[in-house]
């Protein structure tokens, strides 16, 4: 178990995708016990705004001065230095990892923040906690004004990131070859160049993996 804390606001809010980046693809639908050291809870980052990226499945966040600007995401604890190295590779050169202050969200009346159930009312914990997150640095001209939606991503796009041994309804490797010209993963699919670099990091650490983000 490590002492690094990160705030995720896009594709890495999906446990199967986060599991694949950190541990390899053994079975992303049912993470292994070795992944249990990473704990997550809902959180909010103020003074930033989340955007869709043109031609991409994934979002970006940038600092925003508007008083109502905020991004809801996931606060993750227990990450190791090796985990963060893999995450850096996964995010690529479009992002820069920076320290930010986030506030955890807990369910009203319970004080619990481990999971956010549909329909539950959440409120902010007053104390801010430090985390690192990935800020977009590849130019605002590539950002759409529209907000990126996690539920839409899970429904329409996540199968391209998981691969054939992931979530129900996902597709196999042959499909990725057919969409290379419009790869919304930006090289993070099972055949992508970014995932191959993450794969090499797992190999350097002595792990054996076989596949996909």
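A few notes on this one:
- Restricting region 54-68 to residues that are at pLDDT 95 or above and under 21 Å from residue 132 (Cα atoms) leaves a set whose member that is surrounded by the fewest Cβ atoms within 10 Å (Cβ to Cβ) is 63.
- Cβ separations smaller than 7 Å between residues 6+ apart or across chains give the following pairs from region 148-166 residues that are at pLDDT 95 or above to residues that are in a helix (DSSP H, G or I): 150/13; 153/11.
- The residue that is farthest from residue 49 (Cα to Cα), among those in region 137-162 that are loosely packed, with under 15 Cβ neighbours inside 10 Å and in contact with a strand residue (DSSP E or B) (Cβ under 9 Å, 6 or more places away or on another chain), is 138.
- With respect to the conditions (1) at pLDDT 85 or above; (2) under 18 Å from the mean Cα position of the chain (by Cα); (3) under 21 Å from residue 70 (Cα atoms), residue 115 falls short on a single one, namely (1).
- In summary, residue 136 fulfils each of the numbered conditions (1) at pLDDT 95 or above; (2) out of contact with any helix residue (DSSP H, G or I) (no Cβ under 7 Å at 6 or more places or on another chain) with the single exception of condition (2).
- Qualifying residues in region 176-213 (those that are at pLDDT below 55 and buried (at least 16 other Cβ atoms within 10 Å of the Cβ)) - the one nearest to the chain's Cα centre (by Cα): 213
The values are calculated or read from the model by the stated rules, or taken from the named source; none is laboratory data. This one's a predicted model, so the numbers in the text were calculated from it and none came from an experiment. Neighbour counts are summed over all protein chains in view; Cβ atoms, including those assigned to glycine, are modelled from backbone coordinates with ideal geometry.
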